[in-house]
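Asker: I'd like to ask you about the structure that follows.
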Amino acid sequence: MSSEPTPWPDSERPVYSSRPWFRVSAVWAGLSIVTMWLAVLFVGVFGGNILSSTPGGTSTSVPVVVAVIPFVLIATIVVARRGFRELAEEPDRIPSPPRSPGRLGMRPRAPRVET
């Protein structure tokens, strides 16, 4: 026996996300930025020093992470601009914070009345 598949009624149709989480570029941008700065952390902890000495006998030592940080900073800016671009273009996806002083749990003070 065979039966014909019944179509989903519009009201009971399952709701699927149009873009799963692994296809959202903001997720991968955030993950790559975290990975870059973790690499900086490990270079800072386990990396060596750049040693420079002159014929006069003076020497200078600079951690390797100092040479790595400018490149990671530039890469962070580029990845953030590219990866979070679509979030910036869709203002309805990012709720704006309330403008009242009560947003941080602060209440406006009542005026003092001196007697």
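The values are calculated or read from the model by the stated rules, or taken from the named source; none is laboratory data. Remember, predicted model here, so these are calculated numbers, not experimental data. Here Cβ is always computed from backbone atoms with ideal geometry, including for glycine, and neighbour counts include all displayed protein chains.
Asker: Can you tell which of 39, 88 is loosely packed, with under 14 Cβ neighbours inside 10 Å, under 25 Å from the mean Cα position of the chain (by Cα), at pLDDT below 90 and not in a loop (DSSP other than H, G, I, E, B)?
Answerer: 88
Asker: On the given criteria, is residue 25 at pLDDT 95 or above, in contact with a helix residue (DSSP H, G or I) (Cβ under 9 Å, 6 or more places away or on another chain) and either basic (Lys, Arg) or surrounded by 10 or more Cβ atoms within 10 Å (Cβ to Cβ) (or both)?
Answerer: no
Asker: Name the residue that is nearest to residue 89 (Cα to Cα), counting only residues in region 28-41 that are out of contact with any helix residue (DSSP H, G or I) (no Cβ under 7 Å at 6 or more places or on another chain) and β-branched (Val, Ile, Thr).
Answerer: 34
For (1) part of a strand (DSSP E or B); (2) of a type outside the set (D, E, K, R); (3) at negative phi, each residue gets a yes or a no:
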residue: 28; (1), (2), (3): no, yes, yes
residue: 33; (1), (2), (3): no, yes, yes
residue: 45; (1), (2), (3): no, yes, yes
residue: 51; (1), (2), (3): yes, yes, yes
residue: 57; (1), (2), (3): no, yes, no
residue: 60; (1), (2), (3): yes, yes, yes
residue: 70; (1), (2), (3): no, yes, yes
residue: 73; (1), (2), (3): no, yes, yes
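Asker: Which of the numbered conditions does residue 76 fail, given that it passes all the others? Conditions: (1) closer than 27 Å to residue 24 by Cβ; (2) exposed (fewer than 13 other Cβ atoms within 10 Å of the Cβ); (3) among the β-branched types (Val, Ile, Thr).
Answerer: (2)
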